[in-house]
1. Which count do you get for residues in the stretch 168-198 that are surrounded by 22 or more Cβ atoms within 10 Å (Cβ to Cβ) and modelled with pLDDT of 95 or more?
2. Name the single residue, out of those in the stretch 59-93 being within 16 Å of Ala23 (Cα to Cα) and polar (S, T, N, Q), that is nearest to the chain's Cα centre (by Cα).
3. Looking only at the stretch 276-310, count how many residues are in contact with a Leu (Cβ under 8 Å, 6 or more places away or on another chain), more than 16 Å from Ile163 (Cβ to Cβ) and surrounded by 15 or more Cβ atoms within 10 Å (Cβ to Cβ).
4. Would you list the helices (runs of 4 or more DSSP H) that sit entirely within the stretch 196-271 and hold 2 or more residues that are closer than 30 Å to Lys136 by Cα?
5. Quick one: what pairs do we get from the stretch 66-77, first residue not assigned by TED's automatic domain parsing to the domain that holds Asp111 and in a helix (DSSP H, G or I), second modelled with pLDDT of 90 or more and acidic (Asp, Glu), C-beta under 8 Å, 6+ apart or different chains?
6. Tell me the residue from Gln85, Gln103 that is surrounded by 16 or more Cβ atoms within 10 Å (Cβ to Cβ) and in a loop (DSSP other than H, G, I, E, B), please.
7. In contact with a Pro (Cβ under 9 Å, 6 or more places away or on another chain), outside the structural domain of Val351 (by TED's automatic domain parsing), among the hydrophobic types (A, V, I, L, M, F, W, C) and within 29 Å of Ile86 (Cβ to Cβ): which single residue out of Ile163, Ile122 fits that description?
8. Can you tell which of Gly289, Gly244 is at positive phi and either in contact with a Pro (Cβ under 9 Å, 6 or more places away or on another chain) or of a type in the set (Lys, Arg) (or both)?
Amino acid sequence: MDEKEKIREGIDAADAQILNALAERVRLARQIGEYKKKMGLPILDRAREQAVIQRVGENAARRGLPQDATEDVYREIIRLCRSVQIEETKVAFLGPQGTFCEQAARHYSRDMNASLEERPSIADVFRSVKVGEADKGIVPVENSNEGSVMETLDLLNESDLKISGEIILRITHNLIVRPDTGLSDIAEIVSHPQALAQCRRYLDENFPRVTRVEAKSTAAAVKLASESKRTAAIGTGLSAQLYGMKILSQGIEDNRENHTRFFVLSNEDRESTGKDRTSIIFSVKHVPGSLSEALGTLSSRMISLSKIESRPARGKAWEYVFFCDFEGHRKDAKCREALEELTTKTIGLKVLGSYPRAQ
């Protein structure tokens, strides 16, 4: 046996030891999960998990291993152990894979035992949660630059689903190419129209003569770029990873304060946490001062209104519905009183949900 084969045998033996140790850790995780359930204790303990990761990282550094990389590995081990303690949650998100919506879904489910399932449309995310194919759904609701996603607002008005959470994601655009592509190779840049618009200054300064091509999504753009050395895409870091691509330039958006807000859809909203927001929808009569009178039910109780937007009522020409967000939970005393009074000053008041504010 030559030296290379001996080394490979050693690697195989080390892998077997790692797998045995991993199986034992999973067994112990299942055991402590059962104990916590029996004692009525919370399954998740973020402080304990972070302490374990930090301890492992410091021990790795003392052994000459890269601390950050080792901690990343251990986060995945902890996620695996968590999966045997907590029932799996199915989370549907607006696809395709590699988009900001998947990033939001990953952020939402980072402390859960979750399976992420892409859906081709916002309507299909709503449908999946309604019929029980998914436990939760992640849909975009507004962008700080582009405004509200009207399809989401319309479906919230028509659906019985509740908003049980929100995620606010900073939008970072990247110039993505194949590993064998350099700046001088780029003949066209492809992306979703919004992404192209949000990176206009960067493109004008760096690629003034390069053709810009629109795609259905940033992920679809990265897939197209993966098929041609002369095509670059604007997309997410996640999509670059998904297609084995290279990020040529990071953070190329013109406005660094570009954020998208996503809603978590469920069949019920959340209990009060003390740091909540409530979303409602209503109409008012066509008489002077009706909207002001309705909103006065909030201001008179010092309830902060964080958003109001009008939307044409479907099937009713020149009639409008109003979407509002205000601070507080629907079960809080002053919010409950405001909603009770609001029912007398509006038409068709609907509480879309109360949920923890995104931090």
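The values are calculated or read from the model by the stated rules, or taken from the named source; none is laboratory data. Only a predicted model underlies this, so the values are computations on that prediction, with no experimental measurement involved. Positions of Cβ are backbone-derived with ideal geometry, glycine not excepted, and every protein chain shown enters the neighbour counts.
1. 8
2. Ser83
3. Residues flagged as in contact with a Leu (Cβ under 8 Å, 6 or more places away or on another chain), more than 16 Å from Ile163 (Cβ to Cβ) and surrounded by 15 or more Cβ atoms within 10 Å (Cβ to Cβ) within the stretch 276-310 amount to 5.
4. Numbers: elements: 200-206, 218-225, 237-242.
Because the criterion is at least 2 residues that are closer than 30 Å to Lys136 by Cα, the helices (runs of 4 or more DSSP H) in the stretch 196-271 that meet it are 218-225, 237-242.
5. Pairs found: Gln67/Glu58.
6. Values: Gln103 fails: in a loop (DSSP other than H, G, I, E, B).
Matching residue, one of Gln85, Gln103: Gln85.
7. Working: Ile163 fails: in contact with a Pro (Cβ under 9 Å, 6 or more places away or on another chain).
Being in contact with a Pro (Cβ under 9 Å, 6 or more places away or on another chain), outside the structural domain of Val351 (by TED's automatic domain parsing), among the hydrophobic types (A, V, I, L, M, F, W, C) and within 29 Å of Ile86 (Cβ to Cβ) holds for just one of Ile163, Ile122, which is Ile122.
8. On the way: Gly289 fails: either in contact with a Pro (Cβ under 9 Å, 6 or more places away or on another chain) or of a type in the set (Lys, Arg) (or both).
It is Gly244.
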